[in-house]
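Chemist: Quick one: the structure is below, questions incoming.
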Amino acid sequence: MFRTRVTELLGIEYPIVGGCMMHISRPEFVAAISNAGALGMMASAMFDTQEEFRQAVRRAKTLTDRPFGVNLNLFPALRPIDNNLYVQVILEEGVPVVETSGRRPPEDMLARLKAGGVRMMHKCVSVRHAVSAERAGVDAVTIFGTEGGGHIGELGLTTMVLVPCAADALEIPLLAAGGIADGRGLLAALVLGAEGVTIGTRLLLTEECPIHNNLKQALAAATEPDTLPILGSLQNSIRAWKNAAALRVAELEASQAEFGEILALVAGTETKRMFKEGDVDAGVICCSQGIGLVREIKPVAEVISGMVREAQSRLTQIGSSA
Ligand SMILES: Cc1cc2nc3c(=O)[nH]c(=O)nc-3n(C[C@H](O)[C@H](O)[C@H](O)COP(=O)(O)O)c2cc1C
């Protein structure tokens, strides 16, 4: 069902990638996504040392015999990251797919990974950057609209417009991300010219997602206006759930507070505490406008297969009413 160049390239059953999520995309969660027929994507930046990252990759390999990927963070990072250390592990451990996000992957990194047989994806927020990544030699691009959870960039362009524009401009397979949280979104993305989707926010509300149940319940009650872009003052905008921590960041930005004051709120310590202890106003969590579509906490496999089933049945419905 929905075999595309993306399912072919990534060796997956369904054209769905479980987007990497900082402090969340650990081996167990990544493997659950891959076992569900999608592609799990580990967030390398959450591992402080090369050895910790290696152990995480090995753990994922024991939990799934299906492909999974690793994201390399090329955004301005709060902690200095030497991606070469992760690249070494990726090559030694035979990780089949790498996604870069943020800046375009440096030529030497791309060449090294491609020479090792790794399929390369790049995630970006503009068609110009997508075309530039294609020219640099990546195998697929994910175009990410501003309604999504995570680094939305400064352009404010929506998935609805970015996807067909990128599909027109690219030869290589395209994935759509941002605001896709059910089968209708999956089908729409395919109709707009994508050959797969990357989802993040929908997967927060799954049984396997390693965040506190209080937070899952609070997010299940959230609706589509309950997110906001923050960190635009640092040219590093993310879309986050509108809790007390995110509102505080917005307030500090509006009052042109010191960088250090803002940093203390977004550095990750409070977010990790919120994920663990369930104090839902403690930290900032990235979140999509698509949260308005998500009400139920389900097993990952049900979310993935449910999306595909819904897309298929909508397609049949449209076909029979045309
Ligand atoms: C909680 C959370 C954390 C995320 N962390 C990262 C990250 O560290 N790096 C990255 O490239 N994208 C990150 N993303 C973006 C996702 O990988 C994915 O592209 C996005 O969630 C898709 O949009 P959606 O949320 O509308 O499904 C994050 C998203 C969420 C919701």
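The values are calculated or read from the model by the stated rules, or taken from the named source; none is laboratory data. Computed from a predicted structure; not experimentally measured. Using ideal geometry, Cβ is built from the backbone for each residue, glycine included, and neighbour counts are taken over all protein chains shown. Quick note on the areas: whole protein, heavy atoms, side chains included, nothing else; ligands and nucleic acids left out. Shrake-Rupley method; radii C 1.70, N 1.55, O 1.52, S 1.80 Å.
Chemist: Just to compare against my own numbers: the Cα pair-distance distribution for the stretch 1-141, 5 Å bins, whole % per bin, please.
Modeler: In order of increasing distance, the bins hold 2, 11, 21, 24, 23, 14, 5, 1, 0 percent.
Chemist: Quick check on the stretch 74-162: what are the equivalent-ellipsoid semi-axes from the Cα gyration tensor, as sqrt(5λ), descending, whole Å? Don't skip to the end; give the middle numbers.
Modeler: Working: eigenvalues 116, 45, 23 Å².
Ellipsoid half-lengths, sorted descending, are 24, 15, 11 Å.
Chemist: Using helices alone, what [θ] at 222 nm do you get for the chain, with -39,500 (n - 2.57) per DSSP H run of 4 or more residues, divided over all residues and rounded to the nearest 500? Each step should come with its number before you reach the end.
Modeler: Values: 14 runs with 142 residues, N = 322.
Dividing the helical sum by the residues of the chain leaves -13000 deg cm²/dmol.
Chemist: Probe of 1.4 angstrom, ligands and nucleic acids ignored: what's the accessible area per residue over the chain, in square angstrom? Don't jump to the answer; show the numbers that get you there.
Modeler: On the way: 13580 Å² over 322 residues.
Using a 1.4 Å probe on heavy atoms only, each residue of the chain averages 42 Å².
Chemist: Name the residue from His212, Gly37, His151 whose Cα lies farthest towards the positive end of the charge dipole of the chain, charges +1 on Cβ of Lys and Arg and -1 on Cβ of Asp and Glu.
Modeler: It is Gly37, whose Cα lies furthest towards the positive end.
Chemist: A further question on this structure: With a Förster radius of 25 Å, plug the Cβ-Cβ distance of Glu154 and Ser255 into 1/(1 + (r/R0)^6) and report the FRET value to the nearest 0.05.
Modeler: Values: r = 20 Å, r/R0 = 0.81.
E between Glu154 and Ser255, to the nearest 0.05, is 0.80.
Chemist: What helices does the chain hold that run 18 Å or longer along their axis, going by alpha-carbon atoms, with a Kyte-Doolittle average of -0.5 or more, using DSSP H for the helix calls? All intermediate terms of the calculation are to be shown ahead of the outcome.
Modeler: On the way: long enough: 50-63 (20 Å, -1.26); 300-321 (32 Å, 0.15).
Once both thresholds are applied, what remains is 300-321.
Chemist: Beyond 22 Å, what share of the Cα-Cα pairs of the stretch 66-224 is found? Please give it as a whole percent. Spell out each step's value before the answer.
Modeler: Values: 5798 of 12561 pairs.
For the stretch 66-224, the share of Cα pairs beyond 22 Å comes to 46 percent.
Chemist: Considering only C-alpha atoms, what is the centroid distance from the stretch 156-174 to the stretch 273-287, in Å?
Modeler: 33
Chemist: Please report how many Lys pairs in the chain have alpha carbons closer than 15 angstrom, counting only residues at least 8 apart along the chain or sitting on separate chains. Please list the in-between numbers first.
Modeler: Working: Lys216/Lys242; Lys216/Lys272; Lys216/Lys276; Lys216/Lys298.
Lysine pairs, 8 or more places apart or on different chains, close enough: 4.
Chemist: Now a separate question. Does anything in the stretch 30-63 have its amide N under 20 Å from the 7 Å Cα→Cβ label point of Glu92, and if so which residues?
Modeler: Of the residues in the stretch 30-63, 42-63 have backbone N under 20 Å from the label point off Glu92.
Chemist: Only sites in a loop by DSSP and with at most 15 other Cβ atoms within 10 Å count here; which GluC sites (Glu not before Pro) in the stretch 227-322 make the cut? Could the numbers behind the result be given before it?
Modeler: Values: sites: Glu251, Glu253, Glu258, Glu261, Glu270, Glu277, Glu296, Glu302, Glu310; in loops: Glu258, Glu296.
Hits after loop and neighbour filter: Glu258, Glu296.
Chemist: Now for a different question. Please list the equivalent ellipsoid semi-axes of the chain, computed as the square roots of five times the alpha-carbon gyration tensor eigenvalues, in descending order and whole angstrom.
Modeler: Details: eigenvalues 141, 114, 83 Å².
Rounded to whole Å, the semi-axes are 27, 24, 20.
Chemist: Normalised by the empirical 2.2 N^0.38 Å for globular proteins, what value does the Cα Rg of the stretch 142-268 take?
Modeler: Details: Rg = 16.1 Å, N = 127, 2.2 N^0.38 = 13.9 Å.
Compared with the compact-globule rule of thumb, the stretch 142-268 sits at 1.16.
Chemist: Same structure again: Quick one: give the max-minus-min coordinate of the C-alpha atoms of the stretch 254-322 along each principal axis, largest first, in Å.
Modeler: Over the stretch 254-322, Cα extents along the principal axes are 59, 29, 15 Å.
Chemist: I've got another one for you. If you place +1 on the Cβ of every Lys and Arg and -1 on the Cβ of every Asp and Glu, how big does the dipole about the Cα centre of the chain come out, in debye to the nearest 20? Please list the in-between numbers first.
Modeler: Values: 30 positive and 36 negative charges, 101 e Å.
In debye, rounded to 20, the chain gives about 480.
Chemist: Putting +1 on Lys and Arg Cβ atoms and -1 on Asp and Glu Cβ atoms, find which of Leu190, Ala166, Ala244 reaches farthest to the positive end of the dipole of the stretch 146-245.
Modeler: Result: Ala244.
Chemist: Continuing with this model, one more query. Scattering from the C-alpha atoms of the stretch 152-225 alone, worked out with Debye: what is log10 I(q)/I(0) at q = 0.11, 0.24 1/Å?
Modeler: Evaluating at q = 0.11, 0.24 Å⁻¹ gives log10 I(q)/I(0) of -0.35, -1.07.
Chemist: Shifting gears a bit: Where does each of 5-12, 121-128, 106-113 land if you order them by average Cβ count within 10 Å, highest first? Please report the intermediate quantities before stating the final value.
Modeler: Details: 5-12: 19.6, 121-128: 23.4, 106-113: 15.4.
Order by mean packing, descending: 121-128, 5-12, 106-113.
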